[in-house]
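A.B. asks: After the structure tokens below, expect a handful of questions from me.
Each reported figure results from applying straightforward, stated rules to the coordinates on display, with no laboratory input. Keep in mind it's a predicted model, so treat the numbers as computed, not measured. When we count neighbours, we look across all protein chains shown, and the Cβ atoms used for this are built from the backbone with ideal geometry, even at glycine.
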Amino acid sequence: MGDASRHGHDERGPSSFATHRARLAADRADTLARTAALSRDFDGIVAANALVAVDDEHDPEGASTAFERAHVAALMARARDHLLELDRAWERLERGEYGRCEGCGGTIPPERLEIRPAATTCVRCARSDPRRPRRPA
């Protein structure tokens, strides 16, 4: 492993390292802001429900309120998962492994990392992932 890799820089150099780091930091800040907003939304839904009868089964608004609460909770969980993905990407960057596909070991294209900074696979490996739902032809 070369000096650049040991210091968390990939073979593309320190400016690329700084660019990746800035992109990960920006994505993390956006995700934290989204999590905070969703948390406020969730608290608002819960507070609004506290002011009305809690009979979801017979209340015409109950089902939509329950759905709304569950939807916001799912979005919050996804945002928390994304934060973990970003943290792991940051660790890969520090180890000099950022941008390397975990599937084939090849390079993840810079365009993919620009769109998905936490990506762990190249497009080809992402397409062949059996856990990924297939789009209809």
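A.B. asks: Extension gain residue 19-residue 114, at 0.36 nm per residue separation less the Cα-Cα distance, in nm? List each step's numbers first, then the result.
C.D. replies: Working: separation 95, 0.36 × 95 = 34.20 nm, distance 0.96 nm.
So the extension gain works out to 33.2 nm.
A.B. asks: Something else: Return the long-range amide H neighbours of residue 100 (sequence gap of 5 or more, or a different chain), with a cut-off of under 5 Å between placed amide H atoms.
C.D. replies: Under 5 Å from the amide H of residue 100: 108.
A.B. asks: Efficiency by 1/(1 + (r/R0)^6): what FRET value for residue 39 and residue 107, r their Cβ-Cβ distance, R0 = 30 Å, to the nearest 0.05? The partial results should precede the final answer.
C.D. replies: Working: r = 37 Å, r/R0 = 1.24.
About 0.20, to the nearest 0.05.
A.B. asks: HN-Hα J couplings of the range 117-129 from phi, Karplus 6.51/-1.76/1.60, θ = phi - 60°, integer Hz, Gly and Pro as x?
C.D. replies: x, 8, 4, 10, 9, 6, 4, 4, 5, 5, 5, 8, 5
A.B. asks: Given a Förster radius of 25 Å and the C-beta distance between residue 75 and residue 46 as r, what FRET efficiency does 1/(1 + (r/R0)^6) yield to the nearest 0.05?
C.D. replies: E between residue 75 and residue 46, to the nearest 0.05, is 0.95.
A.B. asks: Sticking with this one: Using the number of other C-beta atoms within 10 angstrom as an exposure proxy, rank 85, 91 with the fewest first. Please list the in-between numbers first.
C.D. replies: On the way: 85 18, 91 12.
Fewest to most other Cβ atoms nearby, the residues stand as 91, 85.
A.B. asks: Under a point spin-label approximation (7 Å from Cα along Cα-to-Cβ), what is the residue 84-residue 29 distance to one decimal in nm?
C.D. replies: My value for the distance between the label points is 2.6 nm.
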